[in-house]
Amino acid sequence: MTIFVTGGAGFIGSEFIRQIVGTARIINFDKLTYAGNLDNLKEAAKDPDYSLAVGDVCDPQALEAAMPEDCDAVVHFAAESHVDRSIVGAAEFVRTNVLGTQMMLEVARLRRVKRFLHISTDEVGGDMPPDGWFKECDPLEASSPYAASKGAAELFVRAAARTFGMNTLITRTSNNYGPYQFPEKLLPLAISNVLEDRPIPVYGDGLQVRDWVHVTDNCRALRAVLEHGRPGETYHIGGGNPLPNIEVLRTLLKILGKPESLMTRVTDRPGHDRRYAVDFTKTTRELGWRPEISFSDGLAQTIRWYQDNAEWVRRCRSGEYRKYYEEMYGDREATAKAL
């Protein structure tokens with residue numbers, strides 16, 4: 001089986017590849033932006049059925065050159081995903097997340113790809129009421145430019161299924177956490193800061209509620225959807241762990257034996273939603289998937305990983321992780337142009 005993975009050097013994409021390596025031919029198509037870290041795939045890259053193609057999902061020629069005729073499935077992770085960056089400037093989010101998804105669909109249709117799995121987010125549902133749960137059939141009510149771009153991408157995926165009969169699937173996942181997450185997101189930023197006794201930024205009152213699912217559980221669910229999901233359907237993936245951000249940070253500080261004074265209030269994000277939580281009953285009922293890693297166990301494991309992998313964090317923060325590509329594959333820009 002040949003699986004074409006976009007954004008496979010990112011946090012979730014690299015976990016997905018690590019889970020399936022050795023079971024399929026994998027083509028990792030990645031632009032290697034700041035969030036693409038090949039340190040995440042050093043072991044997977046040793047497999048003879050793994051290959052890397054550097055390119056932009058908005059470039060149809062690069063996609064056509066990299067995607068083989070016998071491609072069985074596309075798993076589309078590639079996206080700009082940091083909400084704060086989308087508030088500063090939304091254009092790149094529209095380009096990558098909307099135009100890039102449409103380009104992926106066009107090339108996948110040209111190559112007659114058998115299945116197209118699009119990775120979306122719980123944020124397309126917007127702010128949930130207290131105790132509310134986002135269901136697959138609920139309307140999209142995105143609040144941030146990032147969420148709006150992902151919602152628009154979903155509509156293009158749905159249109160491809162309806163208009164062209166493509167075998168498409170959509171997953172929406174709640175907050176992921178675990179090893180190899182780039183240290184700009186809440187948990188890896190907080191863990192790496194606390195380990196150095198640096199302050200943790202807390203937006204506003206810190207009472208924003210998020211549901212947490214370990215990246216390992218998430219990628220198990222993605223595999224189940226890819227293998228057994230019904231064409232044209234959307235599946236939610238969550239951890240069943242909706243918690244206020246400030247409670248998560250207090251737990252983290254307690255585990256590490258650090259004072260709560262490290263939490264530093266910062267101005268809240270514009271339009272910040274108070275609650276995200278997905279109802280994944282459908283995924284459990286149809287595919288037999290459910291999260292196996294409790295948040296308490298997963299958080300403790302994640303903290304230990306960051307403690308044991310301080311060099312990985314240092315390389316991320318210093319930018320040294322980008323040198324690995326040049327060491328393994330040569331000049332990045334020259335390769336991208338060649339594609």
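Being buried (at least 20 other Cβ atoms within 10 Å of the Cβ) and either acidic (Asp, Glu) or touching an Asp or Glu at 6+ places or on another chain (Cβ under 9 Å) (or both): is that true of ASP197 here? Criteria not met by ASP197. Going residue by residue through segment 263-277, is there one that turns out to be charged (D, E, K, R) and under 18 Å from HIS228 (Cβ atoms)? Within segment 263-277, not a single residue is charged (D, E, K, R) and under 18 Å from HIS228 (Cβ atoms). Scanning segment 282-295 for residues that are assigned to a helix (DSSP H, G or I), in contact (Cβ under 8 Å) with a residue 24 or more places away in the chain and not aromatic (Phe, Trp, Tyr) gives LYS282, THR283, GLU286, LEU287. Among the residues making up segment 198-213, those that are under 20 Å from GLY240 (Cα atoms) and either part of a strand (DSSP E or B) or among the charged types (D, E, K, R) (or both) are VAL209, ARG210, ASP211, TRP212, VAL213. Can you confirm whether segment 82-105 contains a residue that is within 30 Å of ARG314 (Cα to Cα), at pLDDT 95 or above and in contact with a strand residue (DSSP E or B) (Cβ under 9 Å, 6 or more places away or on another chain)? No, that holds for no residue.
Residue-level check: of (1) among the polar types (S, T, N, Q); (2) within 16 Å of THR96 (Cβ to Cβ); (3) out of contact with any helix residue (DSSP H, G or I) (no Cβ under 7 Å at 6 or more places or on another chain), ASN167 misses just (2).
Which of the residues belonging to segment 84-95 are in contact (Cβ under 8 Å) with a residue 60 or more places away in the chain and buried (at least 20 other Cβ atoms within 10 Å of the Cβ)? If the condition is that a residue be in contact (Cβ under 8 Å) with a residue 60 or more places away in the chain and buried (at least 20 other Cβ atoms within 10 Å of the Cβ), then SER86 is the only one that fits. Within segment 79-93, being part of a loop (DSSP other than H, G, I, E, B) and either farther than 21 Å from HIS118 by Cβ or basic (Lys, Arg) (or both) holds for one residue alone: GLY89. No other residue among ALA161, ALA221, ALA190 is touching a residue at least 12 places away in the same chain (Cβ under 8 Å) and surrounded by fewer than 22 Cβ atoms within 10 Å (Cβ to Cβ) apart from ALA161. Under the condition of being within 19 Å of ILE12 (Cβ to Cβ) and basic (Lys, Arg), which residue from segment 133-180 is nearest to the chain's Cα centre (by Cα)? Only one residue tops the list, namely ARG172. Scanning segment 167-186 for residues that are under 24 Å from GLY125 (Cβ atoms) and either modelled with pLDDT of 95 or more or crowded, with 23+ Cβ neighbours inside 10 Å (or both) gives THR168, LEU169, ILE170, THR171, ARG172, THR173, SER174, ASN175, ASN176, TYR177, GLY178, GLN181.
Does ASP197 satisfy the condition of being at positive phi and not small (Gly, Ala, Ser)? The answer is yes for ASP197. Within the span defined as segment 122-132, every residue fails to be surrounded by fewer than 20 Cβ atoms within 10 Å (Cβ to Cβ), more than 21 Å from the chain's Cα centre (by Cα), under 18 Å from LEU226 (Cα atoms) and not hydroxyl-bearing (Ser, Thr, Tyr).
The values are calculated or read from the model by the stated rules, or taken from the named source; none is laboratory data. All of these numbers come straight from a predicted model, not from anything done at the bench. Because the Cβ atoms are built from the backbone with ideal geometry, glycine has one as well, and the counts that use them run over all protein chains shown.
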